[in-house]
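Each remark here refers to the structure printed beneath this line.
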Amino acid sequence: MEYIRVRWLHDNPEDPIWLIGELDDERREIRKIEVFSDGSKGYTTAEIECGGTRLGSVPVPPLDQIAADPQFVPEPITREEFEAIWNMRASCSD
């Protein structure tokens, strides 16, 4: 497993500013959290979609490829960091 956090630099309030993911060995998303500029969150797994967040349909590129686009600032995080963020998500009202 790999855990990543990506800051998305933009001005559109409809898009998330943070993308936080748990990836499998093929770099496919297993769980994902999106955080928006107003503080709201969306999250998803294979069984749940909350706040309009969905799992990606293709593998996530390596962090250096993500970082090549100046609108993204990626970093690896630990499983513990991911779980702490995951456990703070709100219940889904979708």
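So which of R31, R27, R54 ends up being over 12 Å from R89 (Cβ atoms), under 12 Å from the mean Cα position of the chain (by Cα), at pLDDT 95 or above and not acidic (D, E)? Give the steps one after another, and end with the answer.
Numbers: R31 fails: over 12 Å from R89 (Cβ atoms); R27 fails: under 12 Å from the mean Cα position of the chain (by Cα).
The match here is R54.
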For this session: Any chance you could count how many residues in the range 70-84 are surrounded by 13 or more Cβ atoms within 10 Å (Cβ to Cβ) and either in a loop (DSSP other than H, G, I, E, B) or on the phi > 0 side of the Ramachandran plot (or both)?
Result: 1
Exercise. Which members of the range 25-50 meet the condition of being in contact with a Ser or Thr (Cβ under 8 Å, 6 or more places away or on another chain) and of a type in the set (A, V, I, L, M)?
Worked result: I30, I33
For this session: Would you be able to say whether some residue in the range 36-47 is crowded, with 17+ Cβ neighbours inside 10 Å, among the charged types (D, E, K, R) and within 13 Å of the chain's Cα centre (by Cα)?
Result: yes
Exercise. Taking T53, is it loosely packed, with under 11 Cβ neighbours inside 10 Å, hydroxyl-bearing (S, T, Y) and in contact with a Phe, Trp or Tyr (Cβ under 9 Å, 6 or more places away or on another chain)?
Worked result: no
Seminar exercise, completed: Taking the range 16-35 and keeping residues surrounded by 16 or more Cβ atoms within 10 Å (Cβ to Cβ), farther than 19 Å from E80 by Cα and of a type outside the set (A, V, I, L, M) leaves P16
Exercise. Mind checking which pairs have a first residue in the range 35-51 that is closer than 11 Å to P16 by Cβ and without any contact (Cβ under 8 Å) to a residue 40 or more places away in the chain and a second that is among the hydroxyl-bearing types (S, T, Y) and part of a loop (DSSP other than H, G, I, E, B), Cβ under 8 Å, 6 or more apart or different chains?
Worked result: G42/T53
For this session: Find all pairs meeting these conditions: Cβ atoms under 6 angstrom apart; at least six residues apart or on different chains; first residue within the range 1-30 and under 12 Å from P74 (Cβ atoms) and without any contact (Cβ under 8 Å) to a residue 60 or more places away in the chain; second residue of a type in the set (G, A, S) and surrounded by fewer than 17 Cβ atoms within 10 Å (Cβ to Cβ).
Result: none
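The values are calculated or read from the model by the stated rules, or taken from the named source; none is laboratory data. The structure displayed is predicted, hence computed values, not measured ones. Every residue, glycine among them, receives a Cβ derived from its backbone with ideal geometry; neighbour counts consider all protein chains shown.
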